[in-house]
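The values are calculated or read from the model by the stated rules, or taken from the named source; none is laboratory data. These figures come from a predicted structure and were not determined experimentally. All Cβ positions, even for glycine, are placed from backbone atoms using ideal geometry, and neighbour counts span all protein chains on display.
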Amino acid sequence: MTTDRLEPYTVTEPGNGTLEVFPLAPDEQVLLALLTELFRDHWDKIHFGPLIQGAVFEIKVSEPPEKIGMLDGYLTVDFGAWHFHICIGEHRGTRKDPVAPELAHHRRTGRAEFYRRLNPDGSVGSWGIRLFNGKDEQQITIFLPNAFLSDEMRFLKTPDWSRLVLWDDLRRRYLGLEPDPKDRSGKTMFHQ
């Protein structure tokens, strides 16, 4: 599934280092397909949560979600004992309690992107997907499998490039980009 491709760019963020960003149009159908696939089919390979100054949630689930659904623009991923909602589509509220257009715009994903974090030497150290709302506040980061870390988030002695299969596949299908040798250029990852 390829969308209208937006141009990649590089940005340096305080505390997050240098990122190469590959924008994804924040279309409800595209985001619904991507997030459903990630949480339905790859729940055991990803970590996720907000990544903001002062807090990083690296949630790893032990079972697949019981239910994934949409209601009033919100995707719900329900793991039984807990769940989360993220506004990726048109949000109106109810007839009795409609949501103001400004608030609906604030809540809805306004920016979606694949990213790879660069090490100080320019090699790649981590891979992921981020969504931001209409006021450019982070909604979620999905940390994809990392060639330098095990599923338990322990450093590997040597990079395991097979852990980039999901990154390569998602980039190809959602961005129209083939695997990039730069993704396999690093020797380790560095924390910012």
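Being aliphatic (A, V, I, L, M), closer than 25 Å to Leu149 by Cα and assigned to a loop (DSSP other than H, G, I, E, B), is that true of even one residue in segment 108-116? Lay out the reasoning, then the answer.
First pass over segment 108-116, keeping only residues aliphatic (A, V, I, L, M): 112.
Next, from what is left, pick out any that are closer than 25 Å to Leu149 by Cα: 112.
Then drop every residue that is not assigned to a loop (DSSP other than H, G, I, E, B), which leaves none.
No - not one qualifying residue is present in segment 108-116.
For segment 153-178, which residues satisfy the criterion of being part of a loop (DSSP other than H, G, I, E, B), touching a residue at least 12 places away in the same chain (Cβ under 8 Å) and either of a type in the set (A, V, I, L, M, F, W, C) or touching an Asp or Glu at 6+ places or on another chain (Cβ under 7 Å) (or both)?
Here is the first cut: in segment 153-178, the ones part of a loop (DSSP other than H, G, I, E, B) are 153-154, 156-160, 176-178.
Next, from what is left, pick out any that are touching a residue at least 12 places away in the same chain (Cβ under 8 Å): 153, 159-160, 176-177.
Met153, Leu177 - these are the residues of segment 153-178 that are part of a loop (DSSP other than H, G, I, E, B), touching a residue at least 12 places away in the same chain (Cβ under 8 Å) and either of a type in the set (A, V, I, L, M, F, W, C) or touching an Asp or Glu at 6+ places or on another chain (Cβ under 7 Å) (or both).
Between a first residue in segment 15-30 that is small (Gly, Ala, Ser) and a second residue that is in a strand (DSSP E or B), which pairs have beta carbons less than 6 Å apart while being 6 or more apart in sequence or on different chains?
Partner pairs satisfying both residue conditions: Gly17/Arg117.
Checking the condition modelled with pLDDT under 95 and part of a strand (DSSP E or B), which residue from Thr3, Thr12 passes?
Thr12
Looking at (1) over 20 Å from Asn146 (Cβ atoms); (2) within 18 Å of the chain's Cα centre (by Cα); (3) exposed (fewer than 13 other Cβ atoms within 10 Å of the Cβ); (4) at pLDDT below 95, which is the only condition Phe57 fails?
Every condition holds for Phe57 apart from (1).
Does segment 177-192 hold any residues that are surrounded by 13 or more Cβ atoms within 10 Å (Cβ to Cβ) and modelled with pLDDT of 95 or more, and which are they?
Leu177, Pro179, Asp180, Lys182, Asp183, Arg184
Hey, could you check segment 96-121 for residues that are touching a residue at least 40 places away in the same chain (Cβ under 8 Å) and among the small types (Gly, Ala, Ser) and say which is farthest from Thr18 (Cα to Cα)?
Only one residue tops the list, namely Gly110.
Could you tell me whether any residue of segment 16-39 is part of a strand (DSSP E or B) and of a type in the set (Ser, Thr, Tyr)?
yes
Any residue at all in segment 126-145 that is of a type outside the set (Ser, Thr, Tyr), in a loop (DSSP other than H, G, I, E, B) and surrounded by 19 or more Cβ atoms within 10 Å (Cβ to Cβ)?
Among the residues of segment 126-145, at least one is of a type outside the set (Ser, Thr, Tyr), in a loop (DSSP other than H, G, I, E, B) and surrounded by 19 or more Cβ atoms within 10 Å (Cβ to Cβ), which makes the answer yes.
Which of the numbered conditions does Gly73 fail, given that it passes all the others? Conditions: (1) over 20 Å from Glu58 (Cβ atoms); (2) out of contact with any helix residue (DSSP H, G or I) (no Cβ under 9 Å at 6 or more places or on another chain); (3) crowded, with 20+ Cβ neighbours inside 10 Å.
Exception for Gly73: condition (2).
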